[in-house]
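The values are calculated or read from the model by the stated rules, or taken from the named source; none is laboratory data. Computed from a predicted model, the values in this text were never measured in an experiment. FYI the Cβ positions are ideal-geometry reconstructions off the backbone, even for glycines, and counts take in every protein chain you see. We work out accessible area using only protein heavy atoms, side chains counted, and drop any ligands, DNA or RNA first. Shrake-Rupley method; radii C 1.70, N 1.55, O 1.52, S 1.80 Å.
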Amino acid sequence: MRLDNQEESKNVEDRRGGAVKTGGISIIGLVVAFVAWKFFGADPQQAYQVTKQVTSQQQPQQIQQPTAEQVASKTFVSKVLRSTEEVWTPIFQQHNMTYKTPTLVMYTGATSTACGQGQSAMGPFYCPADQKVYLDTEFFKQMKTQMGMQGGDFAYAYVIAHEVGHHVQTLLGTSSQVSKLRAQSNKVQSNLLSVRQELQADCYAGIWAKQNNDQKQFLQQGDIEKAMDAAQKIGDDYLQHQATGRVVPDSFTHGTSQQRMTWFNRGLQSGNLESCDTFSGSI
């Protein structure tokens with residue numbers, strides 16, 4: 001996948017870094033502690049500790065510099081996100097709507113969201129309450145080392161495009177409709193609605209790939225195969241069989257491997273919203 005000529009999105013929030021407070025106490029702090037002890041009779045140890053706490057809070061913070069790997073992953077994610085913006089903005093315009101761009105949050109381990117505490121073990125996810133995509137880029141490593149995927153930039157980009165697909169569903173009102181229907185349904189029916197919603201996000205990821213390739217010719221040989229491999233290995237049937245040795249279709253929430261590959265490919269071939277109606281008829 002070629003992203004050399006792709007601009008970066010401004011809608012990436014990187015929470016992986018952090019500020020580290022400088023330790024110790026300043027010379028001024030020592031003077032203040034001495035005055036408190038000498039002239040006001042304060043306990044010298046207490047004066048030192050209180051002054052240390054106050055002055056350390058006032059000291060400037062040192063910002064950790066990102067590693068080369070962090071810089072590279074942010075650049076990659078920013079470019080992929082920008083490519084989704086360039087695809088969905090004109091599609092919405094064609095339907096007399098305005099595309100509101102989502103924010104993509106990069107984090108490590110855990111982070112707070114409007115949908116509750118986000119954990120890296122959850123994998124990439126979209127929160128409709130704050131319209132943000134959450135991504136711990138360690139998931140990309142897990143795709144290859146733990147899930148046995150072929151990996152590659154396009155497979156990673158497909159994951160991001162899928163989550164952006166959920167944002168599209170939120171803007172179109174699909175997500176709220178599904179939520180209402182699921183609240184009125186039994187467990188099996190609710191799971192089926194979830195499957196249909198996830199497959200539509202896969203189809204939307206296919207639209208992104210088609211439209212972006214038409215604009216930028218960014219696909220390279222083997223990219224589609226890697227995306228299909230990723231779709232296969234995150235199918236409910238594949239994951240259940242790998243984990244337990246058996247498959248329980250009524251518990252599916254994302255769709256089978258074949259369904260996920262089929263709907264991604266449908267979006268890839270057509271490149272239009274109308275082809276992604278997973279809520280009518282069989283899937």
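In sequence order, segment 119-130 has phi-based couplings of 10, 4, 5, 6, x, x, 8, 10, 10, x, 5, 10 Hz under the Karplus curve 6.51 cos²θ - 1.76 cosθ + 1.60, θ = phi - 60°, and Gly or Pro positions carry x. Here's how it looks for Phe125: its modeled amide H is under 5 Å from those of Tyr134, which are all 5 or more places away or on a different chain.
Amide H contacts under 5 Å for Gln220: Arg2, restricted to partners 5 or more places along the chain or on a different chain, H placed in the peptide plane at 1.01 Å from N.
Among Leu81, Leu181, the order of accessible area from largest down is Leu181, Leu81, computed with a 1.4 Å probe on protein heavy atoms.
Peptides 203-211, 153-161, 115-123 ranked from most to least packed by the mean count of surrounding Cβ atoms within 10 Å: 203-211, 153-161, 115-123. Remind me, relative contact order of segment 156-215 in percent, using alpha carbon pairs under 8 angstrom and six or more residues apart? Relative CO of segment 156-215 lands at 47 percent. Each peptide among 136-142, 101-107 gets the average number of other Cβ atoms lying within 10 Å of its residues, and from highest to lowest they stand as 101-107, 136-142. In this structure the amide hydrogen of Gly255, modeled in the peptide plane, comes within under 5 Å of the amide hydrogens of Asp236, none closer than 5 places in sequence on its chain. When the C-alpha to C-alpha distance is required to be over 32 Å, the pairs from Lys74/Lys187; Lys132/Lys187; Lys100/Lys216 that qualify are Lys74/Lys187. With θ taken as phi - 60° and the Karplus curve 6.51 cos²θ - 1.76 cosθ + 1.60 applied, the whole-hertz 3J(HN,Hα) list for segment 200-205 is 5, 5, 5, 5, 5, 5 Hz, x standing for glycine and proline.
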